[in-house]
Amino acid sequence: MLSPTSCERAFLGTVLHTPARGQLEILRDALIVVGGDGTIKAIHRREAAETQEQARRFAARDDLITFGSDQYLLPGLVDLHIHAPQWPQLGKALDLPLEQWLQTYTFPLESRYADAAYAQTVYESLVTGLLANGTTTAVYFGTLHLPATQILADICLRRSQRALIGRVAMDDPEQCPAYYRDASATVAEAETRAFISYVQSMPGNHAGLVKPVITPRFIPSCTDDLLTRLGALALETGCHVQTHCSESDWEHRFVLDRYGRTDTAALDGFGLLSRRTILAHGNFVGDDDIALIRARGAGIAHCPLSNVYFSDAVFPLRKILDQGVHVGLGTDIAGGASPSILDNARHAVIASRLLESGVDPSQSRDERRRPDSRIDAVTAFWLATAGGGLALDLPVGVFKEGFQFDAVLVDARARDGNLRLEPNDTPEEVLQKIIYQAGRANIREVWVANRRAHPHQS
């Protein structure tokens, strides 16, 4: 059993990753050497002369981890959009449109996190569950409660999950109920600053495994004063920013009515659109928005399962990828009913196929189709790994020297798993089966920065 304390190690086995969109690489019997700080120091291919020599050296010091023939090492999965406090709501309360759902179900639930003990219990379960599903990098919305959001940061650091966490800011009395909103823009800014300071000074977080994120919930929840303050704070601190953008017809129209311009343009005007911004959803972004997002270097969290319930449209994923915008995947817990990024990779493929083929049988095939909209399993896997890392501008999502060793070991022989492989399966077929069949039971082990994060070592 590996110690939870990092040391230099080597991992020997079959590796699958996508170093670029559309490019699948399989390395059989590869040796990955990882430093004590979690950085990949070297990758030795099977045919390299030094591979066996290096493997013997690490084995002699009991620092070699070897995988079986039906086990595959994948980059850790990246989830760009999670509402941490909504974990108890996962799989239910999906019957209302977004604007009613927030008021009826979500704000009452999130208000409960004034109770720190409740937050501790829920967030322990959440982080455990996501790591078990292979999520090594998680981008979290917290609540407006500073102590509860600090608890989430503490848990992520202790459990070795790479996490970007935001204390949610929301102060507009027209959209936020009296029992759950910031008292003022001044208070929201001050508590956001306090959370940034807390995370950056956490003992044991010197490498920045946990990062603070400036988090205006979305424009409808925030006054102009608050948005202005948070934009200035983003420029001052260089922190990541996360918010929702053009998620549904309602949100998109709300911002147009308020400002006479789109969500994307409004966020940019407040200084909230940059290389470190993650925009959740983006279903209704237009061509000018796409160009602006690309110019700023921001990323989009595509949440295909959540979009089914709340967005009223299918995200034009391939079009936006083809125009050079950074995109990764998000579960959008609990708007999305699954905590698995692999599930959402499947749904990304399905949604793209539906967009391409059309869904209205009363129309002719040519009328209902949107050609060249589909993606394949290789692209979906890239979105779940390298695409997410690229959107965050973090060195994760691929196995590459200088990148972090965040990894998931998939076991095709897991007794309770759905994954079934054949001896003559090609690398592409292996990946397709992992995307379409593998579940939590097939995820045997998870590492983050060279620390085993699942199964949990107490």
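Computed from the coordinates by the stated procedures, all read-outs in this text should not be read as laboratory data. Please read all numbers here as calculations on a predicted model, not as lab measurements. Cβ: placed from backbone, ideal geometry, glycine included. Neighbour counts: every protein chain shown.
Between Thr379, Ile435, Leu392, whose Cα lies farthest towards the positive end of the dipole of segment 344-458 when Lys and Arg beta carbons carry +1 and Asp and Glu beta carbons carry -1, centred on the Cα centre?
Ile435
With θ taken as phi - 60° and the coefficients 6.51, -1.76 and 1.60, list the Karplus ³J(HN,Hα) couplings across segment 139-149 in order, rounded to whole Hz; mark glycine and proline as x.
10, 10, 7, x, 10, 7, 8, 4, x, 5, 6
Give the Kirkwood hydrodynamic radius (Å, one decimal) of the chain, defined as one over the mean of 1/r across all pairs of different Cα atoms.
Every distinct Cα pair counted, the radius reaches 22.4 Å.
Across the chain, how many lysine pairs, 8 or more positions apart or on different chains, have C-alpha atoms separated by under 27 Å? Please give the number.
Final tally of qualifying lysine pairs is 5.
Could you work out the pair-distance distribution P(r) of segment 249-306 from its alpha-carbon pairs, with 10 angstrom bin width and percents rounded to whole numbers?
24, 57, 19, 0
Please name whichever of Val199, Leu305, Leu12 sits farthest to the positive end of the charge dipole of the chain, dipole taken about the Cα centre and charges placed at Cβ: Lys and Arg +1, Asp and Glu -1.
Leu12
Can you run phi through the Karplus equation (6.51, -1.76, 1.60; θ = phi - 60°) for segment 175-185 and list ³J(HN,Hα) in whole Hz, with x for Gly and Pro?
Using θ = phi - 60°, the values come out as 10, 10, x, 4, 7, 8, 6, 5, 5, 6, 5 Hz.
For the peptides 337-344, 44-51, 11-18, 300-307, what is the packing order when you average, over each peptide's residues, the other Cβ atoms within 10 Å and list the highest mean first?
300-307, 337-344, 11-18, 44-51
How many percent of all Cα-Cα pairs in segment 55-140 sit more than 22 Å apart?
Counting pairs separated by more than 22 Å, the tail of P(r) holds 49 percent.
Residue by residue, what Karplus-based ³J(HN,Hα) values in Hz, rounded to whole numbers, does segment 343-350 have, using 6.51, -1.76 and 1.60 with θ = phi - 60° and x for Gly and Pro?
Karplus values, whole Hz, x for Gly and Pro: 4, 6, 5, 4, 5, 5, 5, 4.
Is there a quick way to get the dipole size of the chain? I mean about its Cα centre, with the Cβ of Lys and Arg at +1 and of Asp and Glu at -1; what is the value in debye to the nearest 20?
1060
Counting every Cα pair in segment 319-415, what percent are over 22 Å apart?
43
Residue farthest toward the positive end of the dipole of the chain, with Cβ of Lys/Arg at +1 and Asp/Glu at -1: which of Gly335, Ser274, Gly417?
Final value for the positive-end residue is Gly417.
Between Thr237 and Asp416, 0.36 nm times their residue separation minus their Cα-Cα distance comes to what?
Contour length minus the Cα-Cα distance gives 59.8 nm.
For segment 14-107, what class follows from the C-alpha gyration tensor (a ≥ b ≥ c being the square roots of its eigenvalues): rounded when a/c is under 1.5, otherwise prolate if a/b is larger than b/c, else oblate?
Judged from the Cα gyration tensor, segment 14-107 comes out prolate (a/c at least 1.5, a/b above b/c).
If I take every Cα pair under 8 Å that is 6 or more residues apart in segment 81-143, average their sequence separation and divide by the length, what percent do I get for the relative contact order?
Taking the mean separation of contacting Cα pairs over the length of segment 81-143, I get 62 percent.
Near the amide H of Asp29, under 5 Å away, which other amide H atoms are found, from residues 5 or more places off or on another chain, if H is placed in the peptide plane?
For Asp29, whose amide H was placed from the backbone, the distant partners under 5 Å are Gly13, Thr14, Val15.
What is the packing order of peptides 286-298, 141-153, 262-274, taking the mean over residues of other C-beta atoms within 10 Å and listing the highest first?
141-153, 262-274, 286-298
How big is the equivalent ellipsoid of segment 159-233 along its three axes, where each semi-axis is √(5λ) from the Cα gyration tensor, reported in whole Å from largest to smallest?
Equivalent ellipsoid semi-axes, largest first: 26, 12, 10 Å.
Divide by every residue of the chain the summed helix terms, -39500 (n - 2.57) for each DSSP H run of at least 4, and state the resulting mean residue ellipticity at 222 nm, rounded to the nearest 500 deg cm²/dmol.
-10500 deg cm²/dmol, from helical runs alone.
Once label points are set 7 Å from the Cα along Cα→Cβ at both Glu174 and Gln437, what is their separation, rounded to one decimal in nm?
Each label point is offset 7 Å from its Cα along the Cβ direction, giving 5.4 nm.
Ordered by packing density, taken as the mean number of other Cβ atoms within 10 Å over each peptide's residues, highest first, how do 79-88, 374-383 rank?
79-88, 374-383
Output the relative contact order of the chain, whole-number percent, from Cα pairs under 8 angstrom with separation of 6+ residues.
It rounds to 20 percent for the chain.
State the extension gain, in nm to one decimal, for the chain segment bounded by Glu99 and Glu50, taking 0.36 nm per residue of separation less the distance between their alpha-carbons.
Gain on extension, Glu99 to Glu50, equals 11.7 nm.
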